[in-house]
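Down below is the structure, laid out as structure tokens.
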């Protein structure tokens, strides 16, 4: 997982600081009983939790949009006619039925050799989806490398994708939605 953007770190730090300040003020407010101070702290904590959830939700939404944009940019076909859409759907179904990365690489090479650009994009898109899997994802990266290697500029077409051997890196750099790792990193940023 890549580093969190500085804006997210700053937002989390501001929320944590605001909570710490509210707790300090409540603890030092001797005009309140212990129960009153605890109630003020609970209210501040609830507000901080809500604010932090808004930061998480916003960050996750931005990640989803970023992933969708990168995928469209790298693998989008832009079907123009009905027959193009059918061809694209058939290619996607065929790519999804490939049992493993070796078969996908072979299919990608055959499709590329035959000039079947729709199938090439479908196989690469499927490989990108599989490459995001934390367990088996690494075995799919050679398929993406082959896709990028045969298309000069594919990896460079996006400022987020700087080299052909790292086509999937910007997608992997984003934390999976709703992870405890992401929340822990937000909490520790403050």
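List of remarks:
- Kirkwood hydrodynamic radius computed over segment 61-149 comes to 13.3 Å, based on all pairs of distinct alpha carbons.
- For q = 0.12, 0.16, 0.18 Å⁻¹, Debye-computed log10 I/I(0) when each Cα of segment 1-112 counts as one equal scatterer: -0.68, -0.88, -0.99
- Sorting 35, 144 from the fewest to the most surrounding beta carbons within 10 angstrom yields 35, 144.
Here, each number is a calculation from the coordinates, and none is a lab measurement. Just so it is clear, the model here is predicted, and its values are computed rather than measured. Cβ coordinates were reconstructed from backbone atoms using ideal geometry, including for glycine residues, and neighbour counts include every protein chain displayed.
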